[in-house]
Amino acid sequence: MHHLSTLDYVILVAYVAMVVSVGLGAVWLQKRKRIKAGETTLGEGAYFLAARKLPWPIIGLSLFSTNISTVHIVSLCEQGYKTGLAYANFEVAAVFTLVILAVFFVPFYIRANVTTLPDFLEKRYSRGCRDFLAMVSIISAVFIHIGTSLYAGAVVINAMMGYPTDTSHLMPTIIMIIVATGIYVVVGGLLSVTLTDSIQTTTLLIGSAIVTYFAYSKLGGWSELSDAVGPNMTALLRSDGDFSGLPWYSVLVGYPVIGIWYWCTDQTIVQRVLGAKNEDHGKAGALFAGFLKLFPMFIFVLPGLLCLALVVTGKLAAPPDTKSVYAHLVMNLMPSGFRGLIVAALLAALMGTIAGALNSISTLFAYDLYKRFRPDTGEKKLVFLGRAATVVGIVAAIAWSPFIGKFPSIYEAIASMICYIAPPITATFVAGILWKRANHRAALTTLWSGFAMGLIVFFLDFFKKQTGWHYNFMVVSGVMCLIGILTMVIVSLLTEDSNTDENRKLVWDNPLTPFKIPGAPGLMNYKLLSVIVLLVACGIYYAFRMPTKGEMDDWKKNNPEYAAKIQAHIDAQSNKKKPAEKAKAKDSAETAAKRAEKTAAPDTAEKKRGGMTRDEAIDRAIDANLRRVMERSSAEAAGKIGNPIKKLPEKPEEDSQ
């Protein structure tokens, strides 16, 4: 694997310096303009909501940039390599929830003139609901948005720069990234964040598009991809029992729950919409973000699948592990200079996500927690306290990020946390805007009982080896949301209707009412934009539809060599390993480890040997034994096709491509 050159480092440093300078420069220009206007203090919302003057392009780009993080890019590329385009559902399906945000939620958020989403929840239900959402929003910002992004970003950046990826070597990288991001967030607030988001989004899209182009060109085209990986790997929706673990019904049942929570009720994301010039700009910005969400499938997920095709056709060596697929592509396909740009793009995504989360922590603490007990606090002091909260959030995220490495995978950590946090919040918001009878007692009951349920299920899933938990996390999320909605209905009907005329104004008369609101003229009309983006999303689902059995049989018949290799790959990635195989591998590994321990000096038996601890040696031996078991299974599968893997040439002949 190649390493970064001097030119790469020059591009990287220049980019970071440019981003920080733009962020701080925006604050200086805003302050100078305020002084010229004779203003001595910040206006209401100037720091937290960019003075509510954000136009729709900035809102859309900022929404997209805050959503896309380094962990997002790396994990999607990894999933593309492992399971094809199945996990692109999390990108394409976001279009539908962003339309829901624009049509159903934005009008209430803008008209209620709220600073935070907990503020909206208080106006609809009660102060207790506001406190709950503020707490959960801060927790998710620190542990989901910042902590996981820091860990994944540090791992990939260290790998690309040729540095070790153990915790002790990751910490300097983590601290460097978050300090650089924190500087312009603490000083500049949302204005500096949104302006730098625009730069980062552009860099990210260009860099990722370059990776896709180089991989696609090296492979030769789409027909070569289809021949190499088969029609199932290029399908979005999968059948029941598919090795990806993401059947079509799990997307249908689970994604609306986590999608509405993330795109419609999460403070880190929706804060961009709250800073809109007006309702029309807020709606158009959300729909523009929906259009941008169609691209990650092709520039984040597809590169991983292209990497698999390159490996299958013998045009690229296999990556050392699946987590390093993106780095493997960058360092082996990109020329000097471009590699520096890609690392800059990863930093762009990382800083955008962290910046948005830190600014949300600042806003939530100042407005939703402190101001509750000190309602007469001035804007200047709130800004100071918000900055202090940002610093605390930085410290907490740095302390938490190394623990992400203890989860089975980064994606599993994020997915489980989101799927078990989202259901009660989604149920409360949806019932709140669609049903006037929903009251604050039902909301509090749903939120706290759902949070407790999610915590229990999270631990059952986390310790699945001990508990035997084997349920699909997306389906579980949908079931939990249904339980939350039933709780809302039952408790509301059993308790007194405590709603007032004021909070009833935050409920639609019926689900069709939002569509009766006249939109802006021209291309900013939310109805026109919604129809366009939904048609494009549906077109993508049709183009990448589930293959028929006949199509799969034809591919296997026409490409027996590639079919055998893909089957071997599926076997290696499948989680359906036989218990006997796992037990045999573990027993063999432990025997090998004990034998190695006996040969070591007694006083060093528990110390590191060759850079590995005893546990690490056992883990590595288990992996080696499992690989041998899966290779035997793969060879048998290939034999059934009529072309054993062991007889395949290392590089296919020209006529087989």
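Read-outs throughout are calculated quantities, based only on the coordinates presented, and are distinct from any laboratory measurement. Just so it is clear, the structure is predicted and the values come from calculations on it, not from any experiment. Ideal geometry is used to build each Cβ from the backbone, glycine not excepted, and the neighbour counts take in all protein chains shown.
Using every Cα-Cα pair within region 6-402, state what percent have a distance larger than 40 Å.
Numbers: 12072 of 78606 pairs.
For region 6-402, the fraction of Cα-Cα distances above 40 Å is 15 percent.
Using the Cβ of Lys323 as centre and a radius below 11 Å, the other residues enclosed give a net charge of -1, where K and R count +1 and D and E count -1.
Taking region 254-279 and a reference point 7 angstrom along Cα→Cβ of Leu528, the backbone N atoms nearer than 18 Å belong to 279.
For the set Lys218/Lys556; Lys123/Lys371; Lys315/Lys549; Lys323/Lys557, the pairs lying more than 20 angstrom apart at their alpha carbons are Lys218/Lys556; Lys315/Lys549; Lys323/Lys557. Projected over every direction and averaged, the convex hull enclosing the alpha-carbon atoms of region 362-401 yields 2.7 nm². Overall dimensions of region 449-532, expressed as equivalent-ellipsoid semi-axes from the Cα gyration tensor (√(5λ), whole Å, largest first), are 37, 24, 9.
Full-extension gain between Asn113 and Asn558, please, as 0.36 nm times their residue separation minus the C-alpha to C-alpha distance.
Details: separation 445, 0.36 × 445 = 160.20 nm, distance 6.15 nm.
Here the segment from Asn113 to Asn558 would lengthen by 154.1 nm.
A simple rule links phi to the HN-Hα coupling: the Karplus curve 6.51 cos²θ - 1.76 cosθ + 1.60 with θ = phi - 60°, which for region 105-118 gives 9, 4, x, 5, 4, 6, 5, 6, 6, 8, 8, 9, 5, x Hz, with x for Gly and Pro. Between Met546 and Gln573, full extension at 0.36 nm per residue minus the direct alpha carbon distance yields a gain of 7.7 nm. A Cα-only calculation for region 406-454 places Rg and Dmax at 13.6, 45 Å. Using the Cβ-Cβ distance between Val536 and Ala388 with R0 = 51 Å, the FRET efficiency computed as 1/(1 + (r/R0)^6) comes to roughly 0.70. Taking the average, over residues, of other Cβ atoms within 10 Å as the packing measure, peptides 397-407, 59-69 rank 59-69, 397-407 from highest down.
Sorted by packing (mean other beta-carbon atoms within 10 Å per residue), highest first, where do 3-11, 355-363, 472-480, 288-296 land? Show your work: numbers first, answer last.
Values: 3-11: 15.4, 355-363: 29.7, 472-480: 21.0, 288-296: 22.6.
So the order, starting with the most tightly packed, is 355-363, 288-296, 472-480, 3-11.
Highest mean first, the peptides 415-428, 446-459 sorted by other C-beta atoms within 10 Å per residue fall in the order 415-428, 446-459. Other residues with beta-carbon under 14 Å from the beta-carbon of Arg130 carry, at +1 per Lys or Arg and -1 per Asp or Glu, a net charge of +1. Extending 7 Å from the Cα toward the beta-carbon at both Thr202 and Ile175 defines two label points whose distance is 3.4 nm.
Karplus-based coupling profile of region 491-497, in residue order and whole Hz: 5, 4, 6, 8, 10, 5, 6, with θ = phi - 60° in 6.51 cos²θ - 1.76 cosθ + 1.60 and x standing for Gly or Pro. A simple spin-label model places pseudo-atoms 7 Å from Cα toward Cβ; at Thr6 and Lys380 they are separated by 5.1 nm. Taking 7 Å steps out from each Cα toward its Cβ at Ala399 and Ala209 produces label points 4.3 nm apart.
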